[in-house]
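Below: the structure, in structure tokens.
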Amino acid sequence: MLKVIGFSAAALGLGWVLAWISINYGVSTGWIGAAVLLGWAVAARLRWERLKQHGADPSGPERVVWHRLASAAIGCGHMLTSLAHPSIDLHVGSGNSLATDSWTILAAIVVSALVFHGGDRERDERDRGFAAAGLRVSYTTLIVELLILLFFLGFAPPDLRAPFSHFFIANLLIALIVISALAQYLAQLIAYARDAQAAAGGEQ
Amino acid sequence: MTAPPIGNHLRRMRFDHGQMTQQTLAQAVGVTRQTIVALETGRYAPSLELAMRLAGVFGCGVDDLFFWNGTQPESATRKNQ
């Protein structure tokens, strides 16, 4: 379980660092995020192939969740850091690389998903049970986030709401969706991890 | 994680059927190998459909493969008497 939480924190931290460097030094860092994500995808696949020989590899559906967690965490870290600077224009071609960095990371997410392709990704009933638990967490997270945002937009003093342009709110809503997805994948992987922990004393 | 109150003889049945591997059994019933591991270690109770598929692979009844491992509800105990 600690492994899952630590991995998420590391991926979130990576997204934060990439955006921070981009904002403070004006350097495009999307390609670094893309390279790390692709490198991790290849390394994870190789590691899981080795574990397969001992029957300790994660199932296809669990691998997919790992990839989604990594992608969502890096994207989330990057987006939240960018949104923490409302004065920065996030449009492409506005003098900073944040938007192009986001698109580069998004492209890497698609390519790295292909690296994972090949295994059996079909969920069985046990995977569906974990997915359902993850969806419940995701739904609750999204509703709580939206309630907070709605109250803020409705009742916060005008000077606090000033930076919230339509474009900013649109980006914020995307970030909230990504956070709820992150919560879903985190809950799913914690369920897998608890299951594996319980199996540690089991038989092969 | 609470273990479900349903036990099974999956592991013994696999060995009785030509030392069938977990992967072979998983493919035969359309689940992942990890689910077979979870079943054998008593961490997962299958759906009725999966239980019947598993029994079908071994050519036995569901009752021969799975058994109740917990305490019976009071009403069920009374009915059985």
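Values quoted throughout were computed directly from the atomic coordinates according to the rules given, and no laboratory measurement underlies them. Everything quoted here is computed from the prediction, not taken from an experiment. No Cβ is skipped: glycine too gets one built from the backbone with ideal geometry, and neighbour counts run over all protein chains shown.
Rg then Dmax, both in Å and based on the Cα atoms of chain B: 13.6, 42. Kindly provide log₁₀ I(q)/I(0) values, in the same order as q = 0.13, 0.18 Å⁻¹, from the Debye equation applied to equal alpha-carbon scatterers of segment A:60-137. So the normalised log intensities work out to -0.55, -0.82. With everything on Cα atoms, drop me the angle between helix B:48-58 and the longest principal axis of chain B, reported from 0 to 90° to the nearest 10. Helix B:48-58 sits roughly 50 degrees off the main axis of chain B.
Distance from the Cα centroid of segment A:40-84 to that of segment B:1-56 is 27 Å (rounded to whole angstrom).
What percentage of all Cα-Cα pairs in segment A:42-96 are separated by more than 14 Å? List each step's numbers first, then the result.
Numbers: 1007 of 1485 pairs.
Across segment A:42-96, Cα pairs with separations above 14 Å total 68 percent.
Considering only A:153, A:142, A:38, the Gaussian network model of chain A with Cα springs below 10 Å gives its largest mean-square fluctuation to A:153. Seen from a random direction on average, the alpha-carbon convex hull of segment A:1-85 projects onto 5.9 square nanometres. When the protein assembly as shown is described by a simple charge dipole with +1 on each Lys and Arg Cβ and -1 on each Asp and Glu Cβ, the residue from A:169, B:23, A:72 located farthest towards its positive end is B:23. In this structure the amide hydrogen of residue B:6, modeled in the peptide plane, comes within under 5 Å of the amide hydrogens of B:69, none closer than 5 places in sequence on its chain. About its Cα centre, segment A:2-198 has a charge dipole of approximately 360 debye under the convention of +1 per Lys or Arg Cβ and -1 per Asp or Glu Cβ, with nothing else charged.
Between A:56, A:99, A:133, the residue with the greatest mean-square fluctuation in the GNM of chain A (Cα pairs under 10 Å linked by springs) is A:56. Among the GluC sites (Glu not before Pro) found in segment A:102-204, those both in a DSSP coil and sparsely packed, with 11 or fewer other Cβ atoms within 10 Å of their Cβ, are A:203.
Dividing the Cα radius of gyration of chain A by 2.2 N^0.38 Å, with N the residue count, gives 1.13.
Going from the residue with the fewest nearby Cβ atoms within 10 Å to the one with the most, A:144, A:115, A:110 rank A:110, A:144, A:115. Around the Cα centre of chain B, unit charges on the Cβ atoms of Lys, Arg, Asp and Glu (plus for the first two, minus for the last two) sum to a dipole of about 120 debye.
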